[in-house]
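Visitor: First, the structure itself, so that you have it in front of you.
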Amino acid sequence: MKALTNDADERLLVEAAKRDPARFGELYQRNIYQVYAYVSRRAASREEAEDITADVFHHALVNLKRFEWRGAPFAAWLIRIAANLLTDRWRVTARESGNVVVEDPPDSSMEQIEERALFQLVKRLPEDQRRVVVLRFVEQKSIREIAQELRRSEGAVKQLQFRALEKLRADVEGAIG
């Protein structure tokens, strides 16, 4: 039932943003981390990831009136925009460097490997941190919703999330370096 509510809420937000572009900020807040995560795994640098992510939301805002609700999350449309922008960037870079043009983004099997590795790291978190991460990033619940569900203050939930993300970041950096 919660998924239906989120879909309905998201659809209402999209319709509101179509009528009043000032409402687009709510869609941005709901989707920025997911889009940035997608782009940053594929971009050559942090700066490029930030630029492309900004371009995704600019493109989405400019073309929002053409968005049609088809039952898929709004994030799917944003990810498609990101994939197209990344492909365009790779083509320009390849053309400028004289390399072969890449038609498709990197193999999704690598993405699956990365996801499995991340899930393994999440499983190692202390129970309370793991629960907050799952509720926040998998179930996409707000801090307030998580606080109510866990019967903790919003500040405590934010602290658990911060500690979990710091631990994950350290684990990823340790695995890479």
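Visitor: Considering only residues that are closer than 20 Å to residue 53 by Cβ and charged (D, E, K, R), which ones fall in the stretch 66-83?
Guide: Hit for the stretch 66-83 is 80, nothing else.
Visitor: Filter the stretch 43-60 down to the residues that are closer than 18 Å to residue 29 by Cβ and loosely packed, with under 15 Cβ neighbours inside 10 Å and list them by number.
Guide: If the condition is that a residue be closer than 18 Å to residue 29 by Cβ and loosely packed, with under 15 Cβ neighbours inside 10 Å, then 50, 54, 58 are the ones that fit.
Visitor: Evaluate the following for residue 23: is it without any contact (Cβ under 8 Å) to a residue 40 or more places away in the chain and not assigned by TED's automatic domain parsing to the domain that holds residue 118?
Guide: The answer is yes for residue 23.
Visitor: What's the total number of residues in the stretch 157-172 that are in contact (Cβ under 8 Å) with a residue 40 or more places away in the chain and farther than 15 Å from residue 123 by Cα?
Guide: Selection size over the stretch 157-172: 0.
The values are calculated or read from the model by the stated rules, or taken from the named source; none is laboratory data. Quick caveat, the model's predicted, so the values are computed rather than measured. Neighbour counts are summed over all protein chains in view; Cβ atoms, including those assigned to glycine, are modelled from backbone coordinates with ideal geometry.
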